[in-house]
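Notes follow once the structure below has been shown.
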Amino acid sequence: MHRFAALIIASAVATTPAQAQRASELRISGTVEKLDGNLVVLSLSQGISLVVRLDSEPQVNSVAKGSGSDLKAGSQVSAQAKSGQGGDLIATQIVLFAPGSHRPDADTGSDSAQRVATIKKVDTSREEPVLTVADKNEDRKITIGADTAIWIARAARITGFKVGSTVTMTAVKRNDGSLQVLRATIGPAGARNPPL
């Protein structure tokens with residue numbers, strides 16, 4: 001059964017470089033349907049269910065909605081951004097990592113790629129705040145728009161998985177066909193695809 005579910009998810013979930021740290025990782029998002037010991041049944045889109053075995057402790061965060069006022073100099077963030085007019089970066093999503101939470105590795109590439117960085121400055125003098133972040137060897141400016149989703153991530157454990165909560169996880173397929181979960185984010189009930 002687990003081998004069959006892993007094959008279904010391997011064909012049903014498309015991964016891109018921005019979605020996975022390595023090509024062998026799968027990104028899975030769904031709602032917790034049932035818990036049975038270390039087995040979690042996830043309800044995915046299109047009526048697909050998947051059984052995931054949590055036999056080792058992955059890195060787990062829980063997320064809650066945040067706001068622009070939560071973003072301060074010195075904070076660690078993950079930003080997804082797109083290019084605006086004139087090459088400016090406009091954030092589509094910001095995840096603020098509370099102390100002790102698990103940060104992903106930086107993944108740079110396309111304009112919409114995830115960037116993990118430290119906020120150096122927050123400019124609130126404009127209508128739309130602008131973050132200056134330290135990104136590798138240069139500073140980047142990222143505008144926070146009205147549609148930017150802002151999340152606060154805090155360290156959690158797999159015991160935080162509850163029926164009805166939404167989760168996003170990365171996993172790799174083992175030789176026996178089962179999935180090993182590497183990282184997971186637990187979102188509030190009703191949230192869609194909480195960020196990793």
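The values are calculated or read from the model by the stated rules, or taken from the named source; none is laboratory data. Source: prediction; values computed, not measured. Cβ: placed from backbone, ideal geometry, glycine included. Neighbour counts: every protein chain shown. These area figures cover heavy atoms from the full protein model, side chains too; ligands, DNA and RNA do not enter into them. Shrake-Rupley method; radii C 1.70, N 1.55, O 1.52, S 1.80 Å.
Some observations on this one:
- Residues of region 34-81 that turn out to be hydrophobic (A, V, I, L, M, F, W, C) and open to solvent by 20 Å² or more (accessible area, probe 1.4 Å), as a count: 8
- Any hit, region 114-137, residues being in a loop (DSSP other than H, G, I, E, B) and among the hydrophobic types (A, V, I, L, M, F, W, C): no
- Filter pass, Ala191 being assigned to a loop (DSSP other than H, G, I, E, B) and either touching a strand residue (DSSP E or B) at 6+ places or on another chain (Cβ under 7 Å) or touching a residue at least 60 places away in the same chain (Cβ under 8 Å) (or both): yes
- Positions within region 51-67 being within 26 Å of Arg103 (Cβ to Cβ) and either modelled with pLDDT under 90 or β-branched (Val, Ile, Thr) (or both), in sequence order: Val52, Arg53, Leu54, Asp55, Ser56, Glu57, Pro58, Val60, Val63
- Selected residue [closer than 16 Å to Lys82 by Cα, surrounded by fewer than 16 Cβ atoms within 10 Å (Cβ to Cβ) and of a type outside the set (Lys, Arg)] from Ala149, Ala155: Ala149
- So Asp176, is it open to solvent by 40 Å² or more (accessible area, probe 1.4 Å) and either at pLDDT below 90 or closer than 19 Å to Lys65 by Cα (or both): yes
- The single residue among Thr170, Thr143 that is open to solvent by less than 80 Å² (accessible area, probe 1.4 Å), over 30 Å from Gly37 (Cα atoms) and assigned to a strand (DSSP E or B) turns out to be Thr143.
- Of all residues in region 123-140 being in contact with a Gly (Cβ under 9 Å, 6 or more places away or on another chain) and not charged (D, E, K, R), the one that is surrounded by the most Cβ atoms within 10 Å (Cβ to Cβ): Pro129
- Scanning region 182-196 for residues that are of a type outside the set (S, T, N, Q) and open to solvent by 10 Å² or more (accessible area, probe 1.4 Å) returns Leu182, Arg183, Ile186, Pro188, Ala189, Gly190, Ala191, Arg192, Leu196.
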